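Shown next, in structure tokens, is the structure this report addresses.
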Amino acid sequence: MAEPQNSPKDLRQAPVQGGLPSALGSTTSGAIAVAAESTTATRMSAPPSFDVADFPVPHGREEEWRFTPLERLKGLHDGSAAAGGADLKIDILAPDEVTHELVDRSDPRVGKAGKSVDRVAAAAFSAFEKASVITVPKEAVLADPIRIAVHGQGGTTFAHQVIEVGAFAEAVVVIDHTGDAVLAANVEYHLGDGAKLTVVSVQDWDDTAVHAGQHTALVGRDATFKSVVVTFGGDLVRLNPRVQYQGPGGEAELYGLYFTDNGQHQEHRLFVDHEAPNCRSNVAYKGALQGQDAHAVWIGDVLIRAAATGTDTYELNRNLVLTDGARVDSVPNLEIETGEIVGAGHASATGRFEDEQLFYLMARGIPAEEARRLVVRGFFAELVQQIGLPDVEERLIAKIEAELEASVA
Amino acid sequence: MATLEIHDLHVSVEAEGGPREILRGVDLTVKQGETHAIMGPNGSGKSTLAYSLAGHPKYTVTGGTVTLDGEDVLEMSVDERARAGVFLAMQYPVEVPGVSVSNFLRTSATAVRGEAPKLRTWVKEVKEAMERLSIDPSFAERNVNEGFSGGEKKRHEILQLELLRPSIAILDETDSGLDVDALRIVSEGVNRVRETGEVGTLLITHYTRILRYIKPDHVHVFANGRIAESGGAELADKLENEGYEAYVKGGASE
């Protein structure tokens, strides 16, 4: 990790805003470390590696595992999970200019976006048979999205997906997860210089599924990466969306929505690694929770390395707790090794939909169910609008409505 | 003509050691076009009356009746009361994150009017009402009451009063916490609604200050959970000079 190189004077000039914790049935523990010994790296229990043997079996006390119910990972973390059972059904629909290959892990494109950062991701990397590589040729501007439908049929699968978008190409990818599965899968997005990629990853699993994985974007010079992660289903979903910049001028917008029900564990652990100058990142994740033992975890790590002058970054996490019995853990972390930045900040807050809000809306003539819908739809609206695909947006709104119906029933 | 009739109303709240009676037999009739000021010391039960009429679940009606044009208000849910024409401007309006003012106003007006207002006339109606209350247009895109100052919250309440056009408006300490300018703007809003002659107003206040702007037809002194004395506007002058001492002395303290 680079040593601090800036004087305190420089650091004071950096426009840094802190988080504002407000909590009820939740924890929010934000931190901003300025030119400090890096905690993002040191809190991992092992350095990144492709080899599962380099990671000790987690016991639950480790920083990166402390929120996760290991006993519900179906053995993905301790080596007891073996590939088998009914295969995942994967359907890929793509415009003609897009190519799709199955390759070995020796292919130079596999693992290019970075090593695995935890034992489950490394287990997936060590165990997959063939990696799937989807390529958008350079300068191609796709008229239609690439749609990847992943349907679980009850088995256990380790998988690896690479999506490569050539220089100045533009593409939208929708990855849709449904059904029941135990899935450890890593996804890499390679964006060439000036490329634009939007990815919508929908986790609409059955309530029995377990899904863990690392989603890493390698953002080229002046490239634009936008990701929308939508998690509704699963017994346990644990995703590590990560961004690395390969050159200056890159942009990353990371949006997320989750609706965590009774007994579900949904965990999103983001990391934006600003190592190149003049890059931008904006993170906004929002979640609604309802029911007994609904548990959402959001970790937002942003590291601005000494070389990343001119960085502009902001991360936000908002949670709306609709009933008693739900729990949110929200941890934004910002580490800054240079003061020569445009801006850096984070915010995290968890609020409750309370009886007083319900009374206020009802006192204006709005029936109770509509009041609840109004609040939840309003809460998610700005993120749903970011998707930009009408069919996916409509499905999400319908899904939100269905989740609310279930809560009223 | 809409008439709100409150007869022998008794209301309790849950407290440590069991239910505690706050309202002890309130009798009051408010007719469309009339303005009644309810004045009283802290803890006399004024706000309890307001919230009980709106149907807040914290308050339990243990006796008496409330009717609006003969309809049993106490049987109605909170939203039904609002749709029947009862409006409560709250002393502490609630923040509703994620719901914009414009979305909230339209949803509310749709519910109360029974049909969605026509978009073009609605936008104009809201814009003009906001201008009259010196509310910045950017408010429409802000979340309901989130980050509003005290004065902004009260003006937002009166904006709703103007747009929802209730037959009975209950204003719970709308004047509290307002500076003179804000008090004047809010009072002008209330007076515009009163001048239509279509609303019966129940103005609940601790201070006589607002009565310089909003002239009541009737003044009631509230003490110990019931109306202790009723009179015309001159009663407010007496309270201005003598305070509430005569009414609290000897009464059961709360």
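The values are calculated or read from the model by the stated rules, or taken from the named source; none is laboratory data. Given the structure is predicted, the values throughout are model-derived calculations rather than measurements. Counting neighbours? That spans all protein chains shown, and the Cβs are built from the backbone with ideal geometry, glycine included.
Could you tell me whether region B:178-201 includes any residue that is farther than 20 Å from residue B:84 by Cβ, among the polar types (S, T, N, Q) and modelled with pLDDT under 95?
no
Being buried (at least 19 other Cβ atoms within 10 Å of the Cβ) and of a type outside the set (S, T, N, Q) is the filter here; which residues of region B:186-205 pass it?
B:186, B:189, B:190, B:193, B:194, B:199, B:200, B:202, B:203, B:204 - these are the residues of region B:186-205 that are buried (at least 19 other Cβ atoms within 10 Å of the Cβ) and of a type outside the set (S, T, N, Q).
Hey, does region A:314-328 have a residue that's crowded, with 19+ Cβ neighbours inside 10 Å, within 20 Å of residue A:228 (Cα to Cα), within 20 Å of the chain's Cα centre (by Cα) and hydroxyl-bearing (Ser, Thr, Tyr)?
Scanning region A:314-328 turns up no residue that is crowded, with 19+ Cβ neighbours inside 10 Å, within 20 Å of residue A:228 (Cα to Cα), within 20 Å of the chain's Cα centre (by Cα) and hydroxyl-bearing (Ser, Thr, Tyr).
Conditions first: (1) assigned to a strand (DSSP E or B); (2) of a type outside the set (Lys, Arg); (3) in contact with a helix residue (DSSP H, G or I) (Cβ under 7 Å, 6 or more places away or on another chain). Residue A:359 passes all but one, so which condition is the exception?
Checking residue A:359 against (1) assigned to a strand (DSSP E or B); (2) of a type outside the set (Lys, Arg); (3) in contact with a helix residue (DSSP H, G or I) (Cβ under 7 Å, 6 or more places away or on another chain), the one that fails is (1).
Scan region A:111-156 for residues that are more than 20 Å from the chain's Cα centre (by Cα) and β-branched (Val, Ile, Thr) and report the count.
6
Do the conditions hold for residue B:160, that is, is it within 14 Å of chain A (Cβ to nearest Cβ), within 27 Å of residue A:355 (Cβ to Cβ) and part of a helix (DSSP H, G or I)?
Yes.
Give just the number: which of (1) free of Cβ contacts under 8 Å to residues at least 12 places away in the same chain; (2) under 12 Å from the mean Cα position of the chain (by Cα) does residue B:88 not satisfy?
It is condition (1) that residue B:88 fails.
Could you run through region B:180-222 and say how many residues are in contact with a helix residue (DSSP H, G or I) (Cβ under 9 Å, 6 or more places away or on another chain) and part of a strand (DSSP E or B)?
10
Tell me which residues, restricted to region A:139-169, are touching a residue at least 40 places away in the same chain (Cβ under 8 Å), within 18 Å of residue A:112 (Cα to Cα) and assigned to a loop (DSSP other than H, G, I, E, B).
Across region A:139-169, the qualifying residue is only A:167.
Assess whether residue A:366 counts as being of a type in the set (Val, Ile, Thr) and at the interface with another protein chain (Cβ under 7 Å from one of its Cβ atoms).
Yes: the conditions hold for residue A:366.
Quick one: which of A:243, A:237 is hydrophobic (A, V, I, L, M, F, W, C), farther than 18 Å from residue A:315 by Cα and either in contact with a strand residue (DSSP E or B) (Cβ under 9 Å, 6 or more places away or on another chain) or in the same structural domain as residue A:379 (by TED's automatic domain parsing) (or both)?
Selected residue: A:237, the only one of A:243, A:237 that is hydrophobic (A, V, I, L, M, F, W, C), farther than 18 Å from residue A:315 by Cα and either in contact with a strand residue (DSSP E or B) (Cβ under 9 Å, 6 or more places away or on another chain) or in the same structural domain as residue A:379 (by TED's automatic domain parsing) (or both).
Restrict the check to region A:40-55 and report whether at least one residue is part of a helix (DSSP H, G or I), hydroxyl-bearing (Ser, Thr, Tyr) and surrounded by 12 or more Cβ atoms within 10 Å (Cβ to Cβ).
Within region A:40-55, one or more residues are part of a helix (DSSP H, G or I), hydroxyl-bearing (Ser, Thr, Tyr) and surrounded by 12 or more Cβ atoms within 10 Å (Cβ to Cβ).
Scan region A:365-381 residue by residue and report those that are assigned to a helix (DSSP H, G or I) and either under 18 Å from residue B:106 (Cβ atoms) or in the same structural domain as residue A:176 (by TED's automatic domain parsing) (or both).
Within region A:365-381, A:369, A:370, A:371, A:372, A:373, A:374, A:375, A:376, A:377, A:378, A:379, A:381 qualify.
Look at residue A:382 and say whether it is more than 7 Å from chain B (Cβ to nearest Cβ), farther than 23 Å from residue A:291 by Cα and among the charged types (D, E, K, R). Full working, then the answer.
On the way: more than 7 Å from chain B (Cβ to nearest Cβ): yes; farther than 23 Å from residue A:291 by Cα: yes; among the charged types (D, E, K, R): yes.
When the stated conditions are applied, residue A:382 passes them.
Which ranges mark the helices (runs of 4 or more DSSP H) fully within region B:1-115 that have 2 or more residues being within 11 Å of chain A (Cβ to nearest Cβ) and touching a Gly at 6+ places or on another chain (Cβ under 6 Å)?
Where helices (runs of 4 or more DSSP H) fall fully within region B:1-115 and carry at least 2 residues being within 11 Å of chain A (Cβ to nearest Cβ) and touching a Gly at 6+ places or on another chain (Cβ under 6 Å), they are B:78-84, B:101-113.
Residue A:229: assigned to a strand (DSSP E or B) and farther than 18 Å from residue A:113 by Cβ, yes or no?
No, not satisfied.
Within region A:337-363, track down each residue that is of a type in the set (Ser, Thr, Tyr) and facing another protein chain (nearest Cβ under 9 Å). Outline the logic, then answer.
Initial filter on region A:337-363 (of a type in the set (Ser, Thr, Tyr)): A:338, A:348, A:350, A:360.
Of everything in region A:337-363, just one residue is of a type in the set (Ser, Thr, Tyr) and facing another protein chain (nearest Cβ under 9 Å), namely A:360.
Residue under question is residue A:79, and the condition is that it be more than 15 Å from residue A:269 (Cβ to Cβ), modelled with pLDDT under 95, in a loop (DSSP other than H, G, I, E, B) and in contact with a Leu (Cβ under 7 Å, 6 or more places away or on another chain); does it hold?
Details: more than 15 Å from residue A:269 (Cβ to Cβ): yes; modelled with pLDDT under 95: yes; in a loop (DSSP other than H, G, I, E, B): yes; in contact with a Leu (Cβ under 7 Å, 6 or more places away or on another chain): no.
Against the criterion (more than 15 Å from residue A:269 (Cβ to Cβ), modelled with pLDDT under 95, in a loop (DSSP other than H, G, I, E, B) and in contact with a Leu (Cβ under 7 Å, 6 or more places away or on another chain)), residue A:79 does not qualify.
Check A:393, A:403 and return the single one that is surrounded by fewer than 20 Cβ atoms within 10 Å (Cβ to Cβ), more than 7 Å from chain B (Cβ to nearest Cβ) and at pLDDT 85 or above.
Numbers: A:403 fails: at pLDDT 85 or above.
A:393 is the lone residue from the list that is surrounded by fewer than 20 Cβ atoms within 10 Å (Cβ to Cβ), more than 7 Å from chain B (Cβ to nearest Cβ) and at pLDDT 85 or above.
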